[in-house]
Structures are given as C-alpha cells and as structure tokens.
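Step one of this worksheet: look at the structure below.
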Amino acid sequence: MKKIQLIFLLLVTVLSCSKTEKSWQLSKSIKIAGINPIGITYQNGIWLSDGDHNRVVKIDDLGNVTQSIDSLERPMHISSTEDNIYIPQYGNDMILNWSEQNSSDLVLKDSLDAPAGVWVNNDEMAIADFYNHRILYSNNGTDWISFGKEGKGEGDFYYPTDVQITSHNIYVADAYNNRIQVFDKSGKFVKAIGMDQKMNAATGIFVSKDNLFSTDFENDRVMIFDNDGNLVQELTENIEKPTDLLVEDGRLYVINYRNSLVNIFEYKENLGDL
C-alpha cells in the first residue's frame, strides 16, 4: 500500500511540475493576401510594411487591410508611438514621420544610404543605416552619434537591418554577420548573441523585459534568448522566411515574407508528453 501511495505522489509531482513550464505555442496564422511583409509595429492594431508594393498597411484580425499609407519607396522595419508611425524608406534614403494629421520627412545633417530599420522610444531614436554599415542614435532628436563600420569584428556591421532601444542598451540585428549585437548608449560594444546557433540572416528583433526575439530568415525559424543570451526556445511551426516580429498584449506576432502570413503565438503551459 505504501508503495502505491509513493508512486501516486511521484506522479502528482511530475504532473504539477510539467504544468508550471511554459513555452510559446502557435495559436493561429492569419493570411494577408497581397502583402509581402517586411516590418511590423503596433498602433491601435497591427501595421505592416509591404515593401514590394511600396506601402504600409493596417490590418484587422482577419488579415484585411483597413488603412494604407501609399506612394512610399520600399518601406522596411517600422516603429510607432501613440500618434506617429516612423517609416524608413530603403528606396529613397528617407525616414517618414507619419500621422493622421501630418507627415514629414526626418531631417538629418548626415545622409542615409538605404535605412532599413528605425526605433523610437520617447525622445530617443535609433536608425539602422544599411549600406553605411552603421547605427545612428539620438537621445533628443537633435544631436546624433554614429557607430559601427563594415566588418566582422566586435562592433562592426555587415548590413544591419533592425534596431531597438531599451532602457540601457541598443540592440542591432546585424543581419549578414548572422548575429545580434548589443551596445550601450554611447555606442560601446557590450556583447554579441546568436553565433553559436548558426543563424543565417538575422533580419528582425524584438526585446521584451525577459527575452530577446530574433528572426532567422534563411533557416525558417524564430530564436528566443534570455537576458544572458542563452537560447531558451526555437520556433519553426508555420515559420517560412520570417522578417520581423513583436510582442504585444502577451502575444508574439511573427510575419512571414514568403507565404504572406502573420503567425500568432501565446505563452502557455506546456503539459509535455505523459
């Protein structure tokens, strides 16, 4: 009888432990017909840059276009605030600051060469300057620093495509060096992430409180790292040529360039195999 009770207690323990483990799991995929998405942001709904059709569009929960910003020049990795959407245009070397009331081009003393990504956080802004192999950063919108050059070493870039500012750091998708690099806000190199996982074109990134999310374009996967750069999960289900991603309201949105899908993942309990 004691043996049976012990087995029962062990089984209960195993089941309870497995229920506490969570992972990102595919909830649904939304078809976005006629859209080849490159970038994604959230402003009262999901916005996508459709570079092949020179527009940025807002979609509803069914993937239908509800609003469109047209006549752009290959928009890339976009960013948004409460009122504005910032659109880097690879084709005309400009960044458009768009709102419902007004639109204007960002004026810089320094010239861009195919801006591929932008991130805005309050008064801060960072720009991934693709062909110049560098990042521009400002903490006030007026004074800018530039860091990086073409190369393979620490702090060098080989076609950076996306960038994000956090409270202390600047994260860069160093696409064709197949890694993510982290810098402080003076442009000093802090660390690199992803090389051990044999990335192939790290095109889009998103940084949350606990994790770094990165698309791995050529390997058809999303990689999720902890704050120390350790790989904690790899997503491949329905992922095909992913270009960008974001976490919003507890959901992870991943966009596929090749087959025009928005994949939605939720962080759920993982019961495992019993």
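The values are calculated or read from the model by the stated rules, or taken from the named source; none is laboratory data. For clarity, every value in this text was computed on a predicted model and none was experimentally measured. Positions of Cβ are generated from backbone atoms using ideal geometry, with glycine treated the same way; all protein chains shown enter the neighbour counts. Note: areas computed on protein heavy atoms with side chains; ligands, DNA, RNA excluded. Shrake-Rupley method; radii C 1.70, N 1.55, O 1.52, S 1.80 Å.
Some observations on this one:
- Subset tally (residues that are open to solvent by less than 50 Å² (accessible area, probe 1.4 Å), farther than 25 Å from Ile135 by Cα and not basic (Lys, Arg)) for segment 41-66: 5
- Every residue from segment 146-163 that is part of a strand (DSSP E or B), touching a residue at least 24 places away in the same chain (Cβ under 8 Å) and more than 21 Å from Ile40 (Cα to Cα): Ser146, Phe147, Phe157
- Subset of segment 180-205 (residues that are surrounded by fewer than 24 Cβ atoms within 10 Å (Cβ to Cβ), of a type outside the set (A, V, I, L, M) and within 17 Å of Asp244 (Cβ to Cβ)): Gly194, Asn200
- Scanning segment 164-186 for residues that are in a helix (DSSP H, G or I) and not polar (S, T, N, Q) yields a count of 2.
- Scan of segment 246-256 for residues that are in a strand (DSSP E or B) and surrounded by fewer than 24 Cβ atoms within 10 Å (Cβ to Cβ), ordered by number: Leu246, Val247, Glu248, Arg251, Tyr253, Asn256
- Cross-chain or 6+ apart pairs with Cβ under 9 Å, segment 92-104 first and within 20 Å of Tyr137 (Cα to Cα) and among the basic types (Lys, Arg), then open to solvent by less than 50 Å² (accessible area, probe 1.4 Å) and in a loop (DSSP other than H, G, I, E, B): none
- Qualifying residue in segment 105-118 (condition: open to solvent by 30 Å² or more (accessible area, probe 1.4 Å) and farther than 26 Å from Asp184 by Cβ): yes
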